[in-house]
Amino acid sequence: MKVVVFGADTDVGRETVTDLVFRGHRVSAVLTDPAQAPAEWADRVHLRVGDPLDAAVIDAAVADNEVVIDVLCAARSRRRPNLTVDATRAIVDSMAGHGRTRYIGLQPATLVDHTRYPDTWRRTARLLWQGWCPQLCREAAADFHAIASSALSWTLVRHAPLTDGPVRGVRHVGMTHRDVVGPSITRADTARFLAAQALETTYICAAPAISN
């Protein structure tokens, strides 16, 4: 399978690319700085260097691949507000234009604006998180609506707070407010779960929350 990873220069992005290569996929990595590419990617990963908002970079990457994995949310920064929102919309539009349908994204588990959650639960959670980290909430909600309202076969992986460390295994996958999800997950486990979705169909048009 030909897979492109946007945000490949983030910690989760690098782990995801490496795991995709291990699984035998043909991988392209979109990153802003080629120096961020590990040495083991040489001759195994097609590097596409450019700004994640550059339409030409997005179009070329989408056109040449069958599956899109977008982990740009791991690069959220106050210095570039709405980066992920604008990039997500551009990626979704490019996929529609090139007839690509499989999109796998990453969002924090705090994103609960999903039809599987009751209205009262969503309203309460939204108020709490907007008070604590309003920018993250606005961007996550905008990303979700851009993806969920599209015709894509999408999966949004919602991660518990990310930690460093080795693979421990994804122990909890929550689909509704009643599912128990733990307090953290390693970046390595998050990357493995993302990479597995390239061929997985269980979570099409769903937003599973994962933790260790």
- request: For G97, state whether it is over 18 Å from the mean Cα position of the chain (by Cα), assigned to a loop (DSSP other than H, G, I, E, B) and at pLDDT 95 or above.
  value: no
- prompt: Given region 108-206, what helices (runs of 4 or more DSSP H) lie entirely inside it while holding 2 or more residues that are small (G, A, S) and modelled with pLDDT of 90 or more?
  reply: 134-148, 187-196
task: Could you please find all residues in region 51-81 being in a loop (DSSP other than H, G, I, E, B) and at pLDDT 95 or above?
output: D54, D64, N65, E66, V71
statement: In region 199-212, residues that are farther than 10 Å from T155 by Cβ, buried (at least 20 other Cβ atoms within 10 Å of the Cβ) and of a type in the set (A, V, I, L, M) total 2
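The values are calculated or read from the model by the stated rules, or taken from the named source; none is laboratory data. A quick note: this is a predicted structure, and the numbers were derived from the prediction, not measured. As a convention, Cβ positions derive from the backbone with ideal geometry for all residues, glycine included, and neighbour counts pool all protein chains shown.
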